[in-house]
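Since the structure comes first, as structure tokens, the remarks are kept for the end.
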Amino acid sequence: MPAYLNAIGTAVPAHDVHAPYLEIAPYFLTSETDRKSFAKMARRAGITHRYSTLEPADPSRWTDRYDAEGFYRPGAFPSTGARMKRYSREAPALVDGAISDLAEQAGPDWAEGLTHLVICTCTGFSAPGIDHHMVNAHGVPSTVERTLIGFMGCNAAINGYKTARHIVTADPTAKVLVLNVELCGLHFQENAPLQTALMFMLFADGAAAALVSAEPTGFELEAFRSDMLPDSEGHITWDIGENGFDMWLSGRVPRTIFKNLPGHFETLAADAGGRDIDLWAIHPGGRTIIDAVEAALELSAEDVAYSRGVLNDFGNMSSATLPFVLRRMLAEPRSGRTGVAIGFGPGVSVESMVFSEAEG
């Protein structure tokens, strides 16, 4: 029995923080050389907007606080515990926005018959969590089967859809809600070196809500592949530190992707059965990540336009980002198209899937 990605709703917080961050970040850099390098890379990043639950402070207050509430204060950045409390408060509201958008795509009765809930997140944890919020606030039955996919990084959306497909192919009456919610802005670090400051320039907050069922609308989820690229264990790391979660994103990641992705794609091409690939949903992990995929698979600028558009408009929202790309594709239906989605996470790990547009 086929499984279909029927609809996706997305949401971001109200506060656009990209331009303010470009002004604040140089304060953390210790040399003029680093500041010039940061400015150069910012101009080349391919990002215009990124959103956060935290409202930036007026520049006149930067000696006292970096956000309007004073969550981030010079010399007194919050502990991991304080950041998790903030996550437990803000994540449900962000999910509410994605559910509202989903209802516009799937109708007000979207939750009718819902049997399973899959939640993907790597930027915060609390219990009772978003699963309880969905029952209390959105009419999800208390008997819904719940699964948490945690700490798998930017490619976790594909793991979520894969899990949903397994459920639906095992039970065609199942209806699965897959949620991705990430508050990357809660892990900002003070006095970061240049490489870390550049990394924070990529990340943002966002949420997505997707329905997967046997109803033949949207995208059929045809096949999935997983891989861990060789000699890349330390290229992307994500650890729980004393003052937030600590991420490392090596400059070697694009080269590792360029070198190894063609071999991974051979299995996807076989899964596609020789069909032309019309849609390329590449995780917008950063401009150089998209560049590496484009070069490795010999894609055109048009092939990666959806991914570059999401990167420009929202930045990298970790696991929530790829659903933003797929939502834009779903909004322009055209029967018969075949697509490939590819995401990257810690390791470097690769998660990918082949999908096709439902007929009619």
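Annotations for the structure displayed:
- The residues on offer are Gly241, Gly234, Gly185, Gly218, and the sole one that is among the small types (Gly, Ala, Ser), at pLDDT 90 or above and on the phi < 0 side of the Ramachandran plot is Gly185.
- Here Thr173, Thr237 are screened, and the one residue that is polar (S, T, N, Q) and not in a loop (DSSP other than H, G, I, E, B) is Thr237.
- Test: Met317 is touching a strand residue (DSSP E or B) at 6+ places or on another chain (Cβ under 6 Å), more than 24 Å from Met41 (Cα to Cα) and either among the β-branched types (Val, Ile, Thr) or modelled with pLDDT of 95 or more (or both): no
- Taking every residue in the stretch 167-179 that is under 16 Å from Ile119 (Cα atoms) and pairing it with any residue that is open to solvent by less than 40 Å² (accessible area, probe 1.4 Å) and among the aromatic types (Phe, Trp, Tyr), at least 6 positions away or on another chain, yields no pair with a Cβ-Cβ distance below 6 Å.
- Residues satisfying the stated conditions in the stretch 193-223, i.e. hydroxyl-bearing (Ser, Thr, Tyr) and either crowded, with 19+ Cβ neighbours inside 10 Å or not in a loop (DSSP other than H, G, I, E, B) (or both): Thr196, Ser213
- Considering the stretch 1-32, the residues that are among the hydroxyl-bearing types (Ser, Thr, Tyr) and modelled with pLDDT of 95 or more include one that is nearest to Met353 (Cα to Cα), namely Tyr4.
- Looking across the stretch 119-160, the residues that are over 24 Å from Ile257 (Cα atoms), assigned to a helix (DSSP H, G or I) and in contact with a Leu (Cβ under 8 Å, 6 or more places away or on another chain) come down to Ile130, Asp131, Met134.
- Cross-chain or 6+ apart pairs with Cβ under 7 Å, the stretch 44-55 first and touching a residue at least 12 places away in the same chain (Cβ under 8 Å), then in a loop (DSSP other than H, G, I, E, B) and aromatic (Phe, Trp, Tyr): Leu54/Phe71
- Condition check for Pro254 on (1) assigned to a helix (DSSP H, G or I); (2) open to solvent by 60 Å² or more (accessible area, probe 1.4 Å); (3) of a type outside the set (D, E, K, R); (4) at pLDDT below 90: one failure, at (2).
- Within the stretch 175-187, one or more residues are farther than 30 Å from Asp16 by Cβ and open to solvent by 30 Å² or more (accessible area, probe 1.4 Å).
- Among the residues of the stretch 224-251, those identified as in contact with a helix residue (DSSP H, G or I) (Cβ under 8 Å, 6 or more places away or on another chain), open to solvent by less than 20 Å² (accessible area, probe 1.4 Å) and among the small types (Gly, Ala, Ser) are Ser232, Gly241, Gly244.
- Scanning the stretch 265-275 for residues that are at pLDDT below 95, closer than 28 Å to Thr121 by Cα and open to solvent by less than 20 Å² (accessible area, probe 1.4 Å) turns up at least one hit.
- Meets criteria (among the acidic types (Asp, Glu), assigned to a loop (DSSP other than H, G, I, E, B), out of contact with any Ser or Thr (no Cβ under 6 Å at 6 or more places or on another chain) and more than 18 Å from Asn155 (Cβ to Cβ)) for Glu190: yes
- Just one of the numbered conditions (1) farther than 27 Å from His133 by Cα; (2) open to solvent by less than 30 Å² (accessible area, probe 1.4 Å) is not true of Tyr161: (1).
- Answer from Val144, Val135 - the residue that is out of contact with any helix residue (DSSP H, G or I) (no Cβ under 6 Å at 6 or more places or on another chain), of a type outside the set (Asp, Glu), open to solvent by less than 60 Å² (accessible area, probe 1.4 Å) and without any contact (Cβ under 8 Å) to a residue 24 or more places away in the chain: Val135
- In the set (1) open to solvent by 20 Å² or more (accessible area, probe 1.4 Å); (2) at negative phi; (3) touching a residue at least 40 places away in the same chain (Cβ under 8 Å), Asn155 fails one condition alone, (1).
- Of residues in the stretch 224-234 being acidic (Asp, Glu) and assigned to a loop (DSSP other than H, G, I, E, B), the one nearest to Glu266 (Cα to Cα): Asp231
- Among the numbered conditions (1) open to solvent by 10 Å² or more (accessible area, probe 1.4 Å); (2) assigned to a strand (DSSP E or B), the only one that Ile342 does not meet is (1).
The values are calculated or read from the model by the stated rules, or taken from the named source; none is laboratory data. These numbers were taken from a predicted model, which means no experiment stands behind them. When we count neighbours, we look across all protein chains shown, and the Cβ atoms used for this are built from the backbone with ideal geometry, even at glycine. To get the accessible areas, we keep the full protein, side chains included, count just its heavy atoms, and leave off ligands, DNA and RNA. Shrake-Rupley method; radii C 1.70, N 1.55, O 1.52, S 1.80 Å.
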